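Below: the structure, in structure tokens.
The values are calculated or read from the model by the stated rules, or taken from the named source; none is laboratory data. Everything numeric here is computed off the predicted structure, so don't read it as measured data. Please note: Cβ atoms are built from the backbone with ideal geometry, for glycine as well, and neighbour counts cover all protein chains shown. With ligands, DNA and RNA removed, areas are computed over all heavy atoms of the protein, side chains included. Shrake-Rupley method; radii C 1.70, N 1.55, O 1.52, S 1.80 Å.
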Amino acid sequence: MMNIPEVKLGIVAVSRDCFPVQLSQSRRKAVVEACRQKGIAITEIQTVVENEKDVLKALDELKAANVNALVVYLGNFGPEGPETMLAQKFAGPSMFVAAAEETENNLIDGRGDAYCGMLNASYNLGLRKLNPYIPEYPVGTPDEVADMISEFVDIARVILGLSKLKIFTFGPRPQDFFACNAPIKPLYDLGIEIMENSELDLFESFNLHANDPRIPSVIKDMEQELGEGNKFPGILPKLAQYELTLLDWMEKHIGASEYAIFANKCWPAFQTQFGFVPCYVNSRLASRGIPVSCEVDIYGALSEYIITCATGMPATLLDINNTVPRDMYENNRDKFGDYKLSDLFMGFHCGNTPKCHLKDGAMKYQLIMHRLLEPDKEPDITRGTLEGTIKPGDITLFRLQGTADCKLRSYVAEGEVIDVDPKSFGGIGVFAVKEMGRFYRYVLIAKRYPHHTGVAFKHVGKVLFAAMKMLGIEEVDFNQPANMLYKDENPFK
């Protein structure tokens, strides 16, 4: 997966000077060994932080090892001032975890009291206005701490990706989709760069790519990916030209950033001027970790990118689109299990979902645009969608959204795609989320979320919830499969 950061972990043990430093050292080594056995690469920093000068030494070691995600490990009670200063001065995401006591036979010289020290660390983090990742229950054995560190890798990847991200947009956000017109000022607060461009900029660049010598190789790659689903081969040259246009724009204009995504105008003038719909190209770039949202949905593209960082897998952007008919529900009761009809909906979009997530992906045409732009004609300028039924399996719905008063809020909902034929068009599937009806009314409607949602193709709610909290986003609604949860309830119960 390109376009997402590589997380390079480093672990620093801390020790309060009235506790044995050897205890923190030996416990740190045990955690590193547990990580090694689980396939988690982590750099063991030799400096144990007992005072402020040790903080500087540890920072030098971290920098020399190119560490970009820090694990602060309380092997014993820990010095709350220096240990939180370490997180403050470290240029990247950090987490705090603590050691559990090992045995009843060593509770005098071998007792570390990290359970107690974690409370003071938390208090001092608040004094410094820091927001590191602290796991649900942050005290554990080396094996348990290694599992916590494994979760932190995905969270850290999100934080690192956003800190060096640039969003390219083409065209104004459309009047008919005011939900896509959220204020972008909060994104600068997250360290994200935004470069807004005209559709004319895109059109000019596209035309300059006519007869690009790389087009035949891109066509060949498209043909191999589509296989028997290549229903409109005549449109591939234009799609290949467009794909090269976006990739070259990204390379030329990425500037000081390291990662980039797109939010592009895609109708209705796009079809009449470019001569195709861009959906298939959007799906291909999403497969490489470069989400391209339609309708200039800046927050939609960002939500997809956050999912991609959290999972290391391609994401997609879908409409929370239509209800499941009662007869479809009744005719497939054996597949729906204990889901109620109100737990179900169909997730749909024109044809932007990566082929790896479709059961029968094929190149088709955009039916809705065809009705509008070329009715009673063979599809021409509306060709270019990748359509098919979304594969069954676990999913997570996620969106980060800017509000009218320039604040950020988000939601997370875990569920699954059911193996039922949706009997419709586009990239579409039957989705099930426990208490979706309640979530729809009291989160999506009540809190003014738009129709677009980012879809992760695995359960990754805890990672997304934790990442949002680390980013300082206070309002995060988390609907787990088992029960409805709001921001003032324990999200992990």
Per the rule of 0.36 nm per residue minus the C-alpha distance, extending GLN22 to ASP143 adds in nm 41.6 nm
Within region 256-295, the residues whose backbone N lies under 18 Å from a label point placed 7 Å from the Cα of ASP176 along the Cα-to-Cβ direction are 264-279, 294-295
Once the in-chain neighbours fewer than 8 apart are removed, the lysines whose Cα is under 19 Å from LYS340 read LYS434
Excluding residues fewer than 8 positions from LYS185 in its own chain, the aspartates and glutamates with Cα under 15 Å of it are GLU193, GLU196, ASP297, ASP405
With R₀ set to 60 angstrom, the calculated FRET efficiency between the beta-carbons of ASP360 and TYR115, to the nearest 0.05, is 0.65
If every Lys and Arg gets +1 and every Asp and Glu gets -1 at its Cβ, then about the Cα centre region 73-226 yields a dipole, in debye to the nearest 20, of 700 debye
Residue by residue through region 73-79, the couplings from Karplus 6.51 cos²θ - 1.76 cosθ + 1.60 with θ = phi - 60°, in Hz, x for Gly and Pro, are 10, 7, x, 9, 3, x, x
CD proxy, 222 nm, the chain: helix-only mean residue ellipticity via -39,500 (n - 2.57) per DSSP H run with n ≥ 4, per residue, nearest 500, stands at -11000 deg cm²/dmol
Where a ≥ b ≥ c are root eigenvalues of the Cα gyration tensor, a/c under 1.5 meaning rounded, otherwise prolate if a/b exceeds b/c and oblate otherwise, region 135-226 counts as oblate
For the chain, the longest principal axis of the Cα atoms and the Cα long axis of helix 215-226 enclose an angle in degrees, to the nearest 10, of 80 degrees
From the Cα centre of region 72-99 to that of region 184-216, the distance in Å is 41 Å
For GLU228 and LYS252, extending 7 Å from Cα along the Cα-Cβ vector and measuring point to point gives, in nm, a value of 4.1 nm
Treating only Lys and Arg (+1) and Asp and Glu (-1) as charged, each at its beta carbon, one finds that the chain has a dipole about its Cα centre, in Debye to the nearest 20, of 480 debye
For region 337-467, the dipole about the Cα centre with charges only on Cβ (Lys and Arg +1, Asp and Glu -1), to the nearest 20 debye, works out at 540 debye
Relative contact order of the chain (C-alpha contacts under 8 Å, at least 6 apart) in percent is 13 percent
Cys in the chain lacking any partner Cβ under 4.7 Å -> CYS18, CYS35, CYS116, CYS180, CYS279, CYS309, CYS350, CYS356, CYS406
So LYS335 and ARG438, fully extended at 0.36 nm per residue minus their Cα-Cα distance, gain in nm 34.9 nm
By the C-alpha gyration tensor axes a ≥ b ≥ c (rounded if a/c is under 1.5, else prolate when a/b exceeds b/c, else oblate), the shape of the chain is prolate
Residues other than VAL296 with Cβ under 12 Å of its Cβ, Lys/Arg counted +1 and Asp/Glu -1, net out at -3
The ³J(HN,Hα) series, computed from each phi in region 340-351 with the Karplus coefficients 6.51, -1.76 and 1.60 at θ = phi - 60°, rounded to the nearest Hz and given as x for glycine or proline, is 7, 4, 6, 7, 10, 7, 9, x, 9, 8, 4, x
Between the alpha carbon centres of region 239-269 and region 432-449 the gap in Å comes to 33 Å
In the structure shown, of LYS252/LYS391; LYS63/LYS164; LYS8/LYS469; LYS364/LYS447; LYS166/LYS462; LYS38/LYS335, the pairs separated by more than 30 angstrom at the C-alpha atoms are LYS252/LYS391; LYS364/LYS447; LYS38/LYS335
Listed by chain and number, the residues whose amide H is under 5 Å from that of SER293, excluding neighbours fewer than 5 places away on the same chain and using placed H, are PHE262, ALA263, ASN264, ALA301
Checked against the positive end of the charge dipole of region 233-347 (+1 on Cβ of Lys and Arg, -1 on Cβ of Asp and Glu, about the Cα centre), the farthest of ALA256, PHE276, ALA310 is PHE276
Taking R0 as 51 Å and r as the Cβ-Cβ distance between ASN106 and ARG326, the FRET efficiency 1/(1 + (r/R0)^6), rounded to the nearest 0.05, comes to 0.20
Env charge @ LEU386, Cβ radius under 12 Å, K,R +1 / D,E -1, value +2
Subtracting the Cα-Cα distance of LYS377 and LYS407 from 0.36 nm times their residue separation yields 6.2 nm
Note to self: with every protein chain in place and a 1.4 Å probe, region 37-76 gives an accessible area per residue in Å² of 48 Å²
Longest principal axis of the chain (C-alpha) makes with the long axis of helix 199-208 (C-alpha) an angle, in degrees to the nearest 10, of 80 degrees
Rounded to a whole %, the carbon-and-sulfur portion of the accessible area of the chain at a 1.4 Å probe is 50 percent
With DSSP loop assignment and no more than 11 other C-beta atoms within 10 Å, the trypsin sites (Lys or Arg not before Pro) in region 299-388 are LYS377
